[in-house]
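The values are calculated or read from the model by the stated rules, or taken from the named source; none is laboratory data. Owing to the predicted nature of the structure, the values given are computational and were not obtained by experimental measurement. Neighbour counts are summed over all protein chains in view; Cβ atoms, including those assigned to glycine, are modelled from backbone coordinates with ideal geometry.
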Amino acid sequence: MKTGLLGRKLGHSYSPQIHRNFGNYDYSLFEKEPEDVEEFLKNGDFSAINVTYPYKKTVMPYCKLTSVAEKIGAVNTIVRQPDGTLLGHNTDYFGFYSMVKRSGLNPAGKKCLVLGSGGASATAVAAMMEMGARVVVISRNGGDNYTNLNRHADAAIVCNCTPVGMYPNTGISPVELDQFPALEGVLDVIYNPAKTKLLLDAEKRGLVTMNGLWMLVAQAKEASEWFTGSQLPDDCIENVYQKLRLEMENIILIGMPGCGKSTIGKALAEHLGKEFVDADSVLEKAEGRLICQIIPEDGEDYFRKLESQTLELLGKQSGLVIATGGGCVTREENFPYLRQNGRIFWLQRDLELLPTDGRPLSQMNKLEDLYSKREPLYRKWSDHIIDNHGAESLTVERILTILEGNS
């Protein structure tokens, strides 16, 4: 059986690796220009395909539609029938519905703002209405738009169905959440980065948050069932989601200079099959000078600006183990750079065990003074605190236990 994904630009698609976990079938990427779509649908060599942007509406006239596809007004799964005709279905509906359930939010009777008016928006609207929500679509030009959000201060749920905040244009948000004092949770169909600015802002308020990765996996599970005609257990969504999340996630190591971030990072990367990156080394290579030259020659402020630029670049990427500089926590803007795709581990080691050779700030200041300023920030930024006084293998094992336990 030949299956795959139809779209225009598919270089960053996770669909092949997701489907490898769901079924024993070939799954390819079919990149087609608009003028080639009709010929592919009529004569392409496939048994079943998924469809992504920008062709979810384009393919509809060539298919007999399921009731779900008709309701959504878009097709993302096509199965060739025995007589050669095409059946068009939409598994995004199941994916979004499953995402809301996984988040723990209960939309029944509550106002839900759906940002955007495209295909993803139609899916969210249909699913939220099915769950009993009072849905309001916010678009740029509609009656409910971004200039009159004050109408909706009673909103309980915000769902972003726009590309605002998506890689590579991270760090921006479609709305300011302070406008919604009754908010309970925020959903974002974007999954790269794992935490958009919108979700990070929601986290600050202690709200329920969920990105689109669960939706992506859940819709693929249902698509696989349509491909094969066989039911899959619901718990396979959780298994594939956790596996993919770990693959995509950056592991961020913070802590005092000399606490072992590079040593532990390299060992972790080798174990996890990820790339190890030392942020200071990336900075030095880009600048053409060592940090021990940069700080004496141009000052710490100049160095910190370079460091922030480096972390902004690295934080957008996925699947890395990143060892950071000891003082990166002193600039607040670095936190969202690291947090958007990463889990942050603070490595602790006694000050008397920290080397100072080649570390200008450690030589220019008392370690006790540096630590007293940074300790509250390390604590605030970290998802997990790791003791690094014993053998390297023990520290690595502690981190792996957390990662593999999905803590």
Exercise. List, please: which pairs have Cβ atoms under 7 Å, are six or more places apart or on different chains, and start with a residue in the stretch 156-175 that is within 17 Å of THR209 (Cα to Cα) and free of Cβ contacts under 8 Å to residues at least 60 places away in the same chain and end with one that is among the aromatic types (Phe, Trp, Tyr) and surrounded by 19 or more Cβ atoms within 10 Å (Cβ to Cβ)?
Worked result: VAL158/PHE180
Exercise. Any idea which of (1) modelled with pLDDT of 95 or more; (2) among the polar types (S, T, N, Q); (3) crowded, with 16+ Cβ neighbours inside 10 Å is the one SER47 doesn't satisfy?
Worked result: (3)
Exercise. What residue, of GLY229, GLY265, GLY255, is crowded, with 19+ Cβ neighbours inside 10 Å and out of contact with any helix residue (DSSP H, G or I) (no Cβ under 9 Å at 6 or more places or on another chain)?
Worked result: GLY265
Seminar exercise, completed: Expected output for the stretch 134-149 (first residue in the same structural domain as VAL175 (by TED's automatic domain parsing) and free of Cβ contacts under 8 Å to residues at least 60 places away in the same chain, partner surrounded by 13 or more Cβ atoms within 10 Å (Cβ to Cβ) and of a type in the set (Lys, Arg), Cβ below 6 Å, 6+ apart or cross-chain) is ARG134/LYS111
Exercise. Just for the stretch 18-27: of the residues that are in contact with a strand residue (DSSP E or B) (Cβ under 9 Å, 6 or more places away or on another chain) and surrounded by fewer than 15 Cβ atoms within 10 Å (Cβ to Cβ), which one is farthest from LYS243 (Cα to Cα)?
Worked result: ASP26
Exercise. If you take the residues in the stretch 15-54 that are in contact (Cβ under 8 Å) with a residue 40 or more places away in the chain and among the hydroxyl-bearing types (Ser, Thr, Tyr), which one is nearest to ALA223 (Cα to Cα)?
Worked result: SER15
For this session: Please find, among GLU287, GLU249, the residue that is acidic (Asp, Glu) and under 20 Å from TRP346 (Cβ atoms).
Result: GLU249
Seminar exercise, completed: If we keep only residues of the stretch 191-246 that are farther than 22 Å from LEU5 by Cβ and of a type in the set (Ser, Thr, Tyr), then the residue farthest from the chain's Cα centre (by Cα) is THR209
Exercise. Within the stretch 260-303, how many residues turn out to be under 29 Å from the mean Cα position of the chain (by Cα), under 17 Å from PRO355 (Cβ atoms) and outside any helix (DSSP H, G or I)?
Worked result: 2
For this session: Name the residue, out of GLY132, GLY212, that is crowded, with 17+ Cβ neighbours inside 10 Å and not β-branched (Val, Ile, Thr).
Result: GLY212
Seminar exercise, completed: Of those in the stretch 312-355 that are more than 22 Å from LEU403 (Cα to Cα) and under 20 Å from the mean Cα position of the chain (by Cα), the residue surrounded by the fewest Cβ atoms within 10 Å (Cβ to Cβ) is GLU333
For this session: Considering only the stretch 181-253, give the helices (runs of 4 or more DSSP H) lying wholly within it that have at least 3 residues that are in contact with a Gly (Cβ under 7 Å, 6 or more places away or on another chain) and closer than 23 Å to PRO107 by Cβ.
Result: 213-228
Exercise. How do the pairs read when you match residues in the stretch 293-321 that are at negative phi with residues anywhere that are surrounded by fewer than 17 Cβ atoms within 10 Å (Cβ to Cβ) and of a type in the set (S, T, N, Q), using Cβ under 9 Å and keeping only pairs 6 or more apart or on different chains?
Worked result: ARG304/THR330
For this session: Look at VAL175 and say whether it is outside any loop (DSSP other than H, G, I, E, B) and in contact with a strand residue (DSSP E or B) (Cβ under 8 Å, 6 or more places away or on another chain).
Result: no
